[in-house]
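Student: Have a look at this one before I ask anything.
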Amino acid sequence: MHYLSPTTVDDAVAMLAAQTGDCRILAGGTDLLVRMKSGFAEPDAIVDIKRIEGMRDILHEDGGFRIGAGVSGAEMSENADLVAAWPGVVEAAGLIGSTQIQGRATMAGNLCNASPAADSVPAMVAANAVARIAGPNGQRDLPVAEVPTGPGKTSLAPGEFVTSIFLPARPDRSGDAYLRFIPRTEMDIAVVGCGVSVTLDENGTCTDARVALGAVAPTVILVPEAAEALIGTTLDDAVLEAVAKACSAAATPISDKRGTVEFRTHVAGVLARRATKIAKTRAGGK
Amino acid sequence: MALDSKSDLPQFKVVGTRPARPDGIDKVTGRARFGADMSAPGMLTGLILRSPHAHARIVSIDTSKAEALAGVHAVVTRKDFREITDDDFTADILDNCMAGAKALYDGHAIAAVAASSTKIAREALKLIDVTYEKLDHVTDVDEAIEDGAPVLHEGRSDETVPAGMSPNVLSRYEFGHGDPEEGLKNADHVVERTYKTEATHQGYIEPHACLAQMGPDGQGDLWVCTQGHYMVRNTCAAILGIEQGQLRVTASEIGGGFGGKTTLFLEPVALMLAKKSGRPVKMVMTRSEVLRATGPTASTSIDVKIGMTKDGKITAGFAEMRYQGGAYPGSPVEFGAMSAFAPYDLEHVKTIGWDIVTNRPKAAAYRAPGAPMAAFAVESAIDELARHFGLDPLEVRLKNAAREGTKASYGPTYPAIGLEATLRTAKDHPHWSAPLGENQGRGVACGFWFNFGGDTCVTLNITPDGTVTVSEGNPDIGGSRASMSMMAAEELGIPYEKVRTIVADTGSLGQNEVTDGSRVTFAVGLATIEAARAAKREMCKRAAMIWGIDEEAVEWVDGAAQPAGPNAGKFPPMTLAEIAETASNTGGPIAGHHEANPEGAGVSFATHMCDVEVDPDTGAAKILRYTVFQDAGKAIHPAYVEGQFQGGAAQGIGWALNEEYIYGDDGILQNAGFLDYRVPVASDLPMIDAVILEIPNPGHPYGVRGVGETSIVPPLAAVANAVSAAAGVRMTDLPMSPPKLLAALHAKG
Amino acid sequence: MVQVKIWGSLAAFADDQSQVEIEAKNLRELLDGLAAAYPAMRPQLDRGVSVSIDGRIYNDSWFTPIREDSEVVLLARLKGG
Amino acid sequence: MTKVHVTTTINGDPTEFLCEPDETLLDVLRDRLGMTGSKEGCGTGDCGACSVTLNGRLVCSCLVLGAEAEGQEIGTIEGMAQGENLHVLQKKFIEHAALQCGICTPGLLVAAKSLLEKNPDPTEEETRYWLAGNLCRCTGYDKIIRAVMDAAKEMREAA
């Protein structure tokens, strides 16, 4: 096998195009190396994208943030502007694994690993984040929600890879939050995850909302019914109950070693209620 | 401690202090060499092919393609080992290390290769063609004894098993006295429940590893992480048909064992690969292999019936316990049956234990093997009875506590024991009276372990410059070298820093029992003290020669020989260093030995107290506060005694809350990694308060009891009682993982 | 003669007695005496037992003295973790 | 397969090695460079025994490729003591009996050092969460947390 370490996007695209066998992108490596260790992946080539210019950068763009595909969760949490604008997304990325993992794991990698339980993805979907994708046919932007298509599967074409994630500009009085449930306090894969983003008007009435759930379906899902329940309200307790109900109703989980259908369905609602409350507070709601 | 019993023990100078351990610097700098840290010139990598099936007949194994691969130097299957009859003690050990006729569990070793690189070895494993005939499997202990359950072995049940039972039931044990049915008639309330515990793994962070060399002359060398290198030597020699004296085994530093490194997994295979290849072979397990094919403990299903009067007197106790010990005989059910009611003074008590096999890895010992599950069942039922009557659960335990003179449920009459002291200390501790908030609960539970001695051999050498080296044969798993140095220093009357203790290889000392059963500080400590006493006698003799007086007229005081009796004061004392300096002139080197099988270890008891908060919306349980009260007999190095208490408690908390073996319907282990085999992490736990009580064991010169095992016995029940109190629903099935607890909360309504 | 308490499931191999009398001055004589008097107990004795003598547990030491009035209890052979 | 030539810095020492393209940094350290202080407890980033720093950031060396070390700075347990002077954390681990078997100790020390560099005055909770990726099965963490907090205090007082 080969280890390739391009320094430009074009080189990376060319290298990917030149590979005939199983070629994998290496960002933080916290999923890929585990798969290799377990024998689930035996790539013929690894393309390390971290030396590509811009991949380690967090840039202001159109009032939002462009986060390079090689930026780790720990690096995100050290960017004060980003934390102020998108605390939920930063927390979600910072929840992936241990301190050690957070020093390596990236949102782009978390997205392309396409686990339904990926922590950063519900937060990104709630944030309406957009992935920038490079490939043999040039560059394209795709909403994060449309990247994963099933467990371990993405809509990326052969030779394509994510170069950055764009988090849009925040209107005033906006807040987001991500909560997940795990059996321990750290180190587990989410049994259920929930990302919420809200924007309030001057009166505290919700004008925009997005709610996303992880680990309750083959991919992270957006729950429009929950958003509808929020918009136009002041997010009082009765509304939070409705959001919880909508999220439990939207959940179509499986039972596995991490949780049961009943547990995930119920806890999806619990987390939605709690995350909405945090997002509301962050948006300045009372 | 106010409650410590009076004793005529010596006033200690070194014992009871907290010096730095001798291996401390090696371990904080990364210099300490563990199992996987050794290499040898020309070394090959050994890997094992493991069964992907839970139960299958091995029809054929074709290794020819693997053998033909460049870089492969040896392939080993069961047929490379000599025939061993079923009644030989090594038969099951070998079959577990390398399957014979059948693969008995997911992960069972089928073949092994040694190659010039890990990559080639991996490739070679893929080239081994195994034809399996899949068989039905069973992994649940209760299902295994049902009619028509898949049978693992025919004809292995012993004479204690009544006719007509499933062949998966291998042994029956019964202990107790009196007539429980009669006793239950005097009860005002009876709790009758079935409790279940899932298997847990010892979870040592260091995977099994060894480095083997084996010459055509039958001489071998083995470097291995183990709790007992003498056991490794003897068992490997028996399996390979070589002489014990020809195999030298050196124990590496050991990265945790907790009972899981008291048997063999890789070692005979590594030696066989080394023999066939003529090269040193290193084998290191992956974490997945560790979880699939080593350890774990038994899973259990236990029926309990306990009666109590309204004033809290237990009138009778009965428990019937089913333990599955994996694919071979030897679950620790007899210890569950012996220990279940050991903390109580009961007129009517009976326990029945069944040893059952299933398609799971062969259970290995795990810290107080068999006792935590039994204590979970009994202590939960007692807690429920106390709550039923509105009685203080500590008072109920005090009312029924075993004391000196109590006839134990497993037979003997207790000498002085410390249970009552732990209960009284618990009751007086601020933890017991601290307020609790909403959704919080407090639980207590007691636990017991036997402790024992075993073969022990210690050599203590006096160097020419008057320092002391102690050689002992038990791997240091938690600071025991420090304890040995302390006891030698205490006995010799010299500073701790003048003594260095090493763990010697099998060529350097006589037989030593495995580091298990909380025996080391007791038995090796005793032998160290006796070896020091022998050296003191010799040094008194040397001083007597120099002074020209009878050696009986010399005594050892404060690190020096001094004339005694009629000669007192006639000569200035000769220090250890002074005597050592002239040893060549007075008869040669000075050493003390002690070889013995010290018996008479003292039993030990503990009471644990735990506060938990339950999230009613998610079923998550958080440990808020935890206190251990345990009798240590005498704490040689209190910091390491506290460490044993805290470590046992943490393992027990994991067992209670989130650790479990999860098998799919296909009999395949689903969580063979630290990601989903969930041991407690730092943020899961509070500080664990450790209260040491010292009720001396008369069987040890300094009063030592074992401390390592008792600490894992109470936590399962202490946590379950706390969770049950916080949740308002009785939890009888471990682990109390959030989905299970939430379902119980919902069922309660 | 020494009174030896035996555990419940072993009683079936000692004519259903929970306590038997054996002429023995030490542990070895006790184990030999048990095997001779109750041959059905031999498989368990071969698998191994521990013996509590006056509250202290012995695994192996043959020449541990036993007095006529000693409390002697057979136990399943102990091991640890 | 072609080996990769890597030039890097380990504990301040310029270092070169050849490794397989899919070989982890942990395997390089242990098997090629003889630096066995970093331990493999799981190989999947779940135990922290292989913790090292990569350009000052705490990582699991089992989840880094050796090839990625090109031009970077690696810090391992072997670089923690300065000559015969132990780091305060190392001293405190011994003093507090914060190790029993010692297999997790190198990783915990590297992780704790990284914590105190970022946060010289961590709370108990911050310490516990920072170290949550370092499994210890012997101690129940109590004495480890005490040792780290005590080391932090001593380092603050010395600063």
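Student: Taking the criterion of being in a strand (DSSP E or B), in contact (Cβ under 8 Å) with a residue 40 or more places away in the chain, surrounded by 24 or more Cβ atoms within 10 Å (Cβ to Cβ) and not small (Gly, Ala, Ser), would at least one residue in region B:706-723 satisfy it?
Tutor: No, the conditions are met nowhere in region B:706-723.
Student: Quick one: count up the residues across region A:181-197 that are under 19 Å from B:Ala682 (Cα atoms) and either of a type in the set (A, V, I, L, M, F, W, C) or in a strand (DSSP E or B) (or both).
Tutor: Residues in region A:181-197 being under 19 Å from B:Ala682 (Cα atoms) and either of a type in the set (A, V, I, L, M, F, W, C) or in a strand (DSSP E or B) (or both): 5 in total.
Student: Test each condition in (1) touching an Asp or Glu at 6+ places or on another chain (Cβ under 6 Å); (2) in a strand (DSSP E or B) for B:Tyr626 and report the one that comes out false.
Tutor: Against the list (1) touching an Asp or Glu at 6+ places or on another chain (Cβ under 6 Å); (2) in a strand (DSSP E or B), B:Tyr626 comes up short only on (1).
Student: Counting only residues that are in contact with a Lys or Arg (Cβ under 9 Å, 6 or more places away or on another chain), closer than 29 Å to A:Ala14 by Cα and assigned to a loop (DSSP other than H, G, I, E, B), how many does region A:47-87 have?
Tutor: 7
Student: Looking at B:Tyr195, B:Tyr132 in this structure, which one is modelled with pLDDT of 95 or more, more than 14 Å from chain C (Cβ to nearest Cβ) and in contact with a Phe, Trp or Tyr (Cβ under 7 Å, 6 or more places away or on another chain)?
Tutor: B:Tyr195
Student: How many residues does region A:88-109 contain that are in a helix (DSSP H, G or I) and within 14 Å of chain D (Cβ to nearest Cβ)?
Tutor: Residues flagged as in a helix (DSSP H, G or I) and within 14 Å of chain D (Cβ to nearest Cβ) within region A:88-109 amount to 7.
Student: Looking at B:Ala426, B:Ala504, B:Ala445, B:Ala416, which is the one that is crowded, with 20+ Cβ neighbours inside 10 Å and over 30 Å from B:Gly728 (Cβ atoms)?
Tutor: B:Ala504
Student: Could you list, in sequence order, the residues of region B:724-749 that are of a type in the set (Gly, Ala, Ser), outside any helix (DSSP H, G or I) and over 15 Å from B:Glu198 (Cβ atoms)?
Tutor: Selection gives B:Gly728, B:Gly749.
Student: Just to be sure I understand the filter: pairs with C-beta atoms under 6 Å, separated by 6 or more residues or on different chains, first member in region C:60-81 and under 30 Å from B:Gly295 (Cα atoms), second member buried (at least 17 other Cβ atoms within 10 Å of the Cβ) and of a type in the set (Lys, Arg). Which pairs pass?
Tutor: Listed by first residue and then by second, the contacts come to C:Gly81/B:Arg367.
Student: Let me ask something else about it. Of the residues A:Ile221, A:Ile182, A:Ile133, only one is of a type in the set (Val, Ile, Thr) and within 14 Å of chain D (Cβ to nearest Cβ); which?
Tutor: A:Ile182
Student: Does at least one position in region A:166-178 carry a residue that is touching a helix residue (DSSP H, G or I) at 6+ places or on another chain (Cβ under 7 Å), over 13 Å from A:Ala92 (Cα atoms) and among the polar types (S, T, N, Q)?
Tutor: no
Student: Quick check: is even one residue across region B:142-156 within 14 Å of chain C (Cβ to nearest Cβ) and either assigned to a loop (DSSP other than H, G, I, E, B) or within 22 Å of B:Val290 (Cβ to Cβ) (or both)?
Tutor: Yes - at least one qualifying residue is present in region B:142-156.
Student: What is the one condition in (1) surrounded by 24 or more Cβ atoms within 10 Å (Cβ to Cβ); (2) under 21 Å from B:Arg678 (Cβ atoms) that B:Ala327 does not satisfy?
Tutor: Every condition holds for B:Ala327 apart from (2).
Student: Being of a type in the set (Gly, Ala, Ser) and in contact (Cβ under 8 Å) with a residue 12 or more places away in the chain is the filter here, so list the residues in region A:1-30 that pass it.
Tutor: Across region A:1-30, the qualifying residues are A:Ser5, A:Ala12, A:Ala17, A:Gly21, A:Ala27, A:Gly28, A:Gly29.
Student: Any residue in region B:45-56 that is free of Cβ contacts under 8 Å to residues at least 60 places away in the same chain and either in contact with a Phe, Trp or Tyr (Cβ under 9 Å, 6 or more places away or on another chain) or within 18 Å of B:Leu240 (Cα to Cα) (or both)?
Tutor: No - not one qualifying residue is present in region B:45-56.
Student: Among residues belonging to region A:96-120 that are among the aliphatic types (A, V, I, L, M) and in contact with a Ser or Thr (Cβ under 8 Å, 6 or more places away or on another chain), point out the one that is farthest from D:Val59 (Cα to Cα).
Tutor: A:Ala114
Student: From the set of residues in region B:595-613 that are among the acidic types (Asp, Glu) and farther than 30 Å from B:Arg442 by Cα, which is surrounded by the most Cβ atoms within 10 Å (Cβ to Cβ)?
Tutor: B:Glu599
Student: Count, please, the residues in region B:257-275 that happen to be in contact with a helix residue (DSSP H, G or I) (Cβ under 7 Å, 6 or more places away or on another chain), more than 14 Å from every other protein chain (Cβ to nearest Cβ) and part of a loop (DSSP other than H, G, I, E, B).
Tutor: Of the residues in region B:257-275, 2 are in contact with a helix residue (DSSP H, G or I) (Cβ under 7 Å, 6 or more places away or on another chain), more than 14 Å from every other protein chain (Cβ to nearest Cβ) and part of a loop (DSSP other than H, G, I, E, B).
Student: Moving to a separate point now. Condition first: in a loop (DSSP other than H, G, I, E, B) and either closer than 19 Å to A:Gly259 by Cβ or facing chain D (nearest Cβ under 8 Å) (or both). Now tell me which residues in region B:681-695 satisfy that.
Tutor: Those that are in a loop (DSSP other than H, G, I, E, B) and either closer than 19 Å to A:Gly259 by Cβ or facing chain D (nearest Cβ under 8 Å) (or both): B:Val681, B:Leu685, B:Met687.
So that you can scan it fast, the table gives a plain yes or no per residue for (1) surrounded by fewer than 18 Cβ atoms within 10 Å (Cβ to Cβ); (2) modelled with pLDDT of 95 or more; (3) within 19 Å of B:Leu492 (Cβ to Cβ):
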site	(1), (2), (3)
B:Asp550	yes, no, no
B:Glu555	yes, yes, yes
B:Gln562	no, yes, yes
B:Thr582	yes, yes, yes
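Student: Report whether or not B:Thr710 is more than 14 Å from chain A (Cβ to nearest Cβ), on the phi < 0 side of the Ramachandran plot and under 22 Å from the mean Cα position of the chain (by Cα).
Tutor: Taking the combined requirement at face value, the residue satisfies it.
Student: Ok, one more. Looking at B:Ser339, is it polar (S, T, N, Q), under 30 Å from B:His108 (Cα atoms), under 22 Å from the mean Cα position of the chain (by Cα) and assigned by TED's automatic domain parsing to the domain that holds B:Ala717?
Tutor: For B:Ser339, the condition - polar (S, T, N, Q), under 30 Å from B:His108 (Cα atoms), under 22 Å from the mean Cα position of the chain (by Cα) and assigned by TED's automatic domain parsing to the domain that holds B:Ala717 - is not met.
Student: So, restricting to helices (runs of 4 or more DSSP H) that lie completely within region B:403-510, which ones have at least 1 residues that are farther than 21 Å from B:Thr710 by Cβ?
Tutor: Once the helices (runs of 4 or more DSSP H) in region B:403-510 are filtered for at least 1 residues that are farther than 21 Å from B:Thr710 by Cβ, what remains is B:430-433, B:480-492.
Student: For D:Ile77, work out the one condition from (1) surrounded by fewer than 22 Cβ atoms within 10 Å (Cβ to Cβ); (2) touching a Pro at 6+ places or on another chain (Cβ under 6 Å); (3) of a type in the set (A, V, I, L, M, F, W, C) it doesn't fulfil.
Tutor: It fails just one condition, (1).
Student: Return the total of residues in region A:240-286 being part of a helix (DSSP H, G or I), in contact (Cβ under 8 Å) with a residue 24 or more places away in the chain and not small (Gly, Ala, Ser).
Tutor: 19
Student: For B:Ser518, indicate whether it is among the small types (Gly, Ala, Ser), buried (at least 23 other Cβ atoms within 10 Å of the Cβ), under 29 Å from C:Ile57 (Cα atoms) and in the same structural domain as B:Ala580 (by TED's automatic domain parsing).
Tutor: So B:Ser518 fits the description; yes.
Student: Starting from region C:31-57, keep only residues that are crowded, with 21+ Cβ neighbours inside 10 Å, then list their pairs with residues that are among the hydroxyl-bearing types (Ser, Thr, Tyr) whose Cβ atoms are within a distance under 7 Å, requiring at least 6 positions of separation or different chains.
Tutor: Listed pairs, sorted by first residue: C:Val51/C:Tyr58; C:Ile53/C:Thr64; C:Ile53/C:Ser70; C:Gly55/B:Thr413; C:Gly55/B:Tyr414; C:Ile57/C:Ser50.
Student: Now for a separate question. For residues that are closer than 28 Å to A:Ala226 by Cα and assigned to a loop (DSSP other than H, G, I, E, B), tally how many sit in region A:125-165.
Tutor: The qualifying residues number 7.
The values are calculated or read from the model by the stated rules, or taken from the named source; none is laboratory data. All values derive from a computational prediction rather than experimental measurement. So basically every Cβ, Gly included, is an ideal-geometry build from the backbone, and we count neighbours across all protein chains shown.
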